[in-house]
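Structure, as structure tokens:
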Amino acid sequence: MSNYTDSHFEEYGENTSWFKAMRLIPEKSKVLDVGCSSGNFGAELIARKSCTVDGLELDIGDVKLAERQLRKVYNLNIETDDISVIKDRYDVIYMGDVVEHLFHPIETLTRCKSLLKKDGVVVFSIPNMAHVSIRLLLLKGDFSYTETGLLDKTHVHFFNLDEIKRVFKEAGYDISHLDYVEKDYPKRLIEEWCDEIGIQVKKKFIDRTKQIDAAAFQFIGVASKGKKVSKKLPKFGPVDFFESFHNNTINALNERISILEKDSARLASDAAKWRKLRGAPVVAVARKLIKKVKR
């Protein structure tokens, strides 16, 4: 069994990825639930929205459980196995907290197009690595993996909002709808957390944590087929930028030192000349100046 075998629909609130994703899936649609686990989400789609649901799952224990609830269940790896054995075409491919587990998300999303109907869509939920909790952990120098959650030990890619948009765009999708599960931190908790490491929190930082890119725990969205648009990844990371800043600063200081040394040598030369002139008789000096003027 997997860590997600016992996941259930949470009746007590709308601020969950399952609730928000279910709202995006039309009634009576044909759905392929990629990473369906024991089939609990698909079972809810069948009961609540009269959907036809097939599943795709790696864990054989979960496959056996899902087979009791869904129409068909394929024991396949969406990245590496031959998916041509799936003959159906779907209105919706649901990828609930799946993309972050993929080694090659762009290539996998691209190949999923073959399983979609002409107007089919991908409904996804993806955890946000830029959530305020991760930002605070990194300030403390902590990055410990967990069994589930944002730092799930089986995640192989980390996403923020910009990265989600880039990956889908490069895979040839247009994100037509975007929502998020909000889990922000209260001001007092942020202040206590930062106080432990000697950081004084300003209002600007607190306000920043309330914005979508920091308050979102998961992003939920709909992506339809579009044109592929490649975006070049940045060549430099944070450490590279620091080294570049450091090197540029050193070069600028060395250049400034060189200029000052030249200025110093020129001033020393001028000072020597004036000292020499100051020791000569005034009349002799005046005559030399007059001669230079006449020339």
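Given the Cα-Cα distance of Asn77 and Arg111 and 0.36 nm per residue of separation, how much length would full extension add, in nm?
Contour length minus Cα-Cα distance gives 11.0 nm.
Greater than 22 Å separation of Cα atoms is the criterion. Which listed pairs, Lys118/Lys227; Lys153/Lys210; Lys117/Lys227, meet it?
Lys153/Lys210
Any idea what the dipole of region 17-232 comes to, in debye rounded to 20, about its Cα centre with Lys/Arg Cβ at +1 and Asp/Glu Cβ at -1?
Using only the charged Cβ atoms, the result is roughly 920 debye.
If packing is taken as the average count of other Cβ atoms within 10 Å, what order do 30-40, 164-174 fall into, highest mean first?
The densest-packed peptide leads the list: 30-40, 164-174.
Along the charge dipole of region 143-231, Cβ charges K/R +1 and D/E -1, which of Gly198, Ser144, Val222 sits furthest on the positive end?
Result: Val222, furthest along the dipole toward the positive end.
Counting only residues 5 or more places away or on other chains, whose amide H sits under 5 Å from the amide H of Val121 once H atoms are built in the peptide plane?
Residues meeting the amide H criterion: Val92, Ile93.
Length gain on complete extension for the stretch Asp213 to Arg266, per 0.36 nm per residue less the alpha carbon to alpha carbon distance?
13.4 nm
If you filter region 43-95 for trypsin sites (Lys or Arg not before Pro), then keep DSSP loop positions with at most 12 other Cβ within 10 Å, what is left?
Arg68, Lys87
Hey, rough spin-label estimate for Ser230 and Glu14, points 7 angstrom out along Cα→Cβ, what's it come to in nanometres?
4.3
In whole Hz, with x marking every Gly and Pro, tabulate ³J(HN,Hα) for region 103-111 from phi via Karplus 6.51 cos²θ - 1.76 cosθ + 1.60, θ = phi - 60°.
Per-residue couplings from phi come out as 6, 10, x, 5, 5, 5, 4, 5, 5 Hz.
Among the aspartates and glutamates, which have Cα under 19 Å from the Cα of Lys204 when same-chain residues fewer than 8 positions away are ignored?
By straight Cα distance, Lys204 reaches Asp184, Glu191, Glu192, Asp195, Asp213.
Which chymotrypsin sites (Phe, Trp or Tyr not before Pro) does region 23-132 hold that lie in a coil by DSSP with at most 10 other beta carbons within 10 Å?
Sparse-neighbourhood loop chymotrypsin sites (Phe, Trp or Tyr not before Pro): Phe103.
Lys49: which aspartates and glutamates have alpha carbons under 13 Å from its alpha carbon, excluding same-chain residues fewer than 8 sequence positions away?
The qualifying aspartates and glutamates are Glu27.
Coordinate-derived values only; no laboratory data. A quick note: this is a predicted structure, and the numbers were derived from the prediction, not measured. Every residue, glycine among them, receives a Cβ derived from its backbone with ideal geometry; neighbour counts consider all protein chains shown.
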